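Chemist: Below is a structure I'd like to ask you about.
The values are calculated or read from the model by the stated rules, or taken from the named source; none is laboratory data. Every value quoted in this text rests on a predicted model; they were computed, and no experiment measured them. In this analysis, Cβ positions are derived from the backbone assuming ideal geometry, glycine residues included, and neighbour counts consider all displayed protein chains. Areas reflect the complete protein model, heavy atoms only, side chains present, ligands, DNA and RNA absent. Shrake-Rupley method; radii C 1.70, N 1.55, O 1.52, S 1.80 Å.
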Amino acid sequence: LIHFFKILFHRVPLGPQRCLTNAFAVFCSHIYKKNHDVTKTWRGKTEQLLRVDDHDFTMRPAFGGPAIPVGVDVQVESLDSISEVDMDFTMTLYLRHYWRDERLSFPSTTNKSMTFDGRLVKKIWVPDVFFVHSKRSFIHDTTTDNIMLRVFPDGHVLYSMRITVTAMCNMDFSRFPLDSQTCSLELESYAYTDEDLMLYWKNGNESLKTDEKISLSQFLIQKFHTTSRLAFYSSTGWYNRLYINFTLRRHIFFFLLQTYFPATLMVMLSWVSFWIDRRAVPARVSLGITTVLTMSTIITGVNASMPRVSYIKAVDIYLWVSFVFVFLSVLEYAAVNYLTTVQERKERKLRERFPCTCGISHSKTMMLDGNYSESDANSLAGYTRNQMVPEEEKQEKMVVHLAMSNESNSSRKRGLRGHVGLRIIQNTHAIDKYSRLIFPGTYIFFNLVYWSVFS
């Protein structure tokens, strides 16, 4: 057949030769299309195959008709960071759109798709999906723009992008650091209302997939799930909005080591002053001031890494109660020191007013607490009450002369300890004794209530 056309081509004039050449080209092209797939042998421009120049892609598919359905699915690659100070999170994901545009259909006998990069995206219509409440977002461009466009012969389109987005997350820190946070990434069409574009999850809850290796240092990812609803804007109308929801539970062990244990140790350290001699003023004062300043440093460090919220957090309750315990231990010693000074002043005045004239050798004067009755004092063997003490001084103090003989001194001391016991106050004030029990007991009770409520 080709040989016949060559002979015919040489025997006809020049004008008819052009006509025969064109007819021959059309005839051969028709035979070639029947036996081959154009997607495999097409050497022209892609725009000519998809007829991009023949249509106006500034308008959505089926313009003027019903809303075009656009399916969406997401694969979360990583959850990069959670910021409590800025109240946001950063996520890297693969965002894919699915829709049909008959203007992009092309002939193919094998029904195979054609894949393109981001250069063709600028010449066709694509959904204008954006992230609601996003602060920053970008499409990765190493080594080229991470965009993929896949067109099927019937006009179905797959549009995929790799995006990193930083979005707002409204966090509630009332139970911090024993809290759980739920954050959402919201997707919505910017220009097309629900009458023009119907945005939906392509496979329901299966439309969201995550990498099993996703992990965070401070949080445990409990659950990912999807939802959708309509969003209304008073000036533009109703829009379809898709939600990617995930729940995070905070790891408590870090805060136990960095906050709770140091605060508890500082409170326990403040109790050491109850066992120090009340006359050791420098030791007790320096210990109290050190614990107070350390607690202030811990509170400042915790608040520096948190947003300035106007409500009380769980960690604030624990730290400030611990601070109050430390501060009360300082006030306790202030009270002990003051009462000790008052007591010594009264004893000194009493000794100056009533000096010892008993004439007994090796005698000492011992002050008894005013809680002892006269009968208790008279019952002590070998003790005689000084008759020079007036009646108005009986309730406050009693002066007892203790004869220090070589034989009876030790036995009389044992009898005194056994009968009177701890009721005789020597070097330790009664407030210190009570504080040794009240402070630890109250703090233990507070811890039981705190951890039962917030854990």
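This table checks each residue for (1) in contact with a Lys or Arg (Cβ under 8 Å, 6 or more places away or on another chain); (2) in a helix (DSSP H, G or I); (3) surrounded by 15 or more Cβ atoms within 10 Å (Cβ to Cβ).
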residue	(1), (2), (3)
Ser270	no, yes, yes
Gly301	no, yes, no
Pro307	no, no, no
Val336	yes, yes, yes
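Chemist: Okay, next question. Considering region 182-213 alone, what residues qualify as being open to solvent by 30 Å² or more (accessible area, probe 1.4 Å) and in a loop (DSSP other than H, G, I, E, B)? Talk me through it step by step, then tell me what you get.
Modeler: The initial filter retains those residues of region 182-213 that are open to solvent by 30 Å² or more (accessible area, probe 1.4 Å), namely 182, 184, 190-192, 194-196, 198, 200, 202-206, 209-213.
The answer is Tyr190, Ala191, Tyr192, Asp194, Glu195, Asp196, Lys202, Asn203, Asp211, Glu212, Lys213.
Chemist: For region 109-134, how many residues meet the condition of being assigned to a loop (DSSP other than H, G, I, E, B), open to solvent by 30 Å² or more (accessible area, probe 1.4 Å) and touching a residue at least 12 places away in the same chain (Cβ under 8 Å)?
Modeler: So the first thing to find is which residues in region 109-134 are assigned to a loop (DSSP other than H, G, I, E, B), and the list is 109-113, 117-120, 124-128, 133.
This time we only want the ones that are open to solvent by 30 Å² or more (accessible area, probe 1.4 Å), so: 109-113, 117, 119, 126, 128, 133.
If we keep only those that are touching a residue at least 12 places away in the same chain (Cβ under 8 Å) too, we end up with 109-113, 117, 126, 128, 133.
Looking only at that region, the number is 9.
Chemist: Looking at Arg249, is it surrounded by 13 or more Cβ atoms within 10 Å (Cβ to Cβ), part of a strand (DSSP E or B) and of a type in the set (Lys, Arg)?
Modeler: Numbers: surrounded by 13 or more Cβ atoms within 10 Å (Cβ to Cβ): yes; part of a strand (DSSP E or B): yes; of a type in the set (Lys, Arg): yes.
Yes; evaluated as a whole, the condition is true for this residue.
Chemist: Among the residues of region 184-192, is any within 30 Å of Phe253 (Cα to Cα) and at pLDDT 90 or above?
Modeler: Going residue by residue through region 184-192, those that are within 30 Å of Phe253 (Cα to Cα) are 184-185.
Now drop any that are not at pLDDT 90 or above, which leaves 184-185.
Yes, region 184-192 contains at least one residue that is within 30 Å of Phe253 (Cα to Cα) and at pLDDT 90 or above.
Chemist: Among (1) free of Cβ contacts under 8 Å to residues at least 60 places away in the same chain; (2) crowded, with 17+ Cβ neighbours inside 10 Å; (3) assigned to a loop (DSSP other than H, G, I, E, B), which single condition is Ala62 missing?
Modeler: All conditions pass for Ala62, except number (2).
Chemist: In region 71-105, which residue that is outside any strand (DSSP E or B) and open to solvent by 10 Å² or more (accessible area, probe 1.4 Å) is nearest to Ala304 (Cα to Cα)? Walk me through how you get there before you give the answer.
Modeler: First, pick out the residues of region 71-105 that are outside any strand (DSSP E or B): 84-87, 101-105.
Keeping just the survivors that are open to solvent by 10 Å² or more (accessible area, probe 1.4 Å) gives 84-87, 102-103, 105.
Values: Glu84: 11, Val85: 9, Asp86: 12, Met87: 14, Glu102: 57, Arg103: 57, Ser105: 59 Å.
It comes out as Val85.
Chemist: Right, another one. Would you please name the residue that is farthest from the chain's Cα centre (by Cα), looking only at residues in region 272-299 that are open to solvent by 70 Å² or more (accessible area, probe 1.4 Å) and more than 22 Å from Ala430 (Cβ to Cβ)?
Modeler: Among them, the one singled out is Pro282.
Chemist: Here is a check on your reading of the model: is Leu230 open to solvent by 40 Å² or more (accessible area, probe 1.4 Å) and in a strand (DSSP E or B)?
Modeler: Numbers: open to solvent by 40 Å² or more (accessible area, probe 1.4 Å): yes; in a strand (DSSP E or B): yes.
Answer is yes for this residue.
Chemist: If you take the residues in region 161-181 that are charged (D, E, K, R) and in contact (Cβ under 8 Å) with a residue 24 or more places away in the chain, which one is least open to solvent (accessible area, probe 1.4 Å)? Walk me through it before giving the result.
Modeler: Applying the first criterion (charged (D, E, K, R)) to region 161-181 yields 162, 172, 175, 179.
From the residues that got through so far, the ones that are in contact (Cβ under 8 Å) with a residue 24 or more places away in the chain too are 162, 175, 179.
Numbers: Arg162: 59, Arg175: 92, Asp179: 4 Å².
Of everything passing the filter in region 161-181, Asp179 is least open to solvent (accessible area, probe 1.4 Å).
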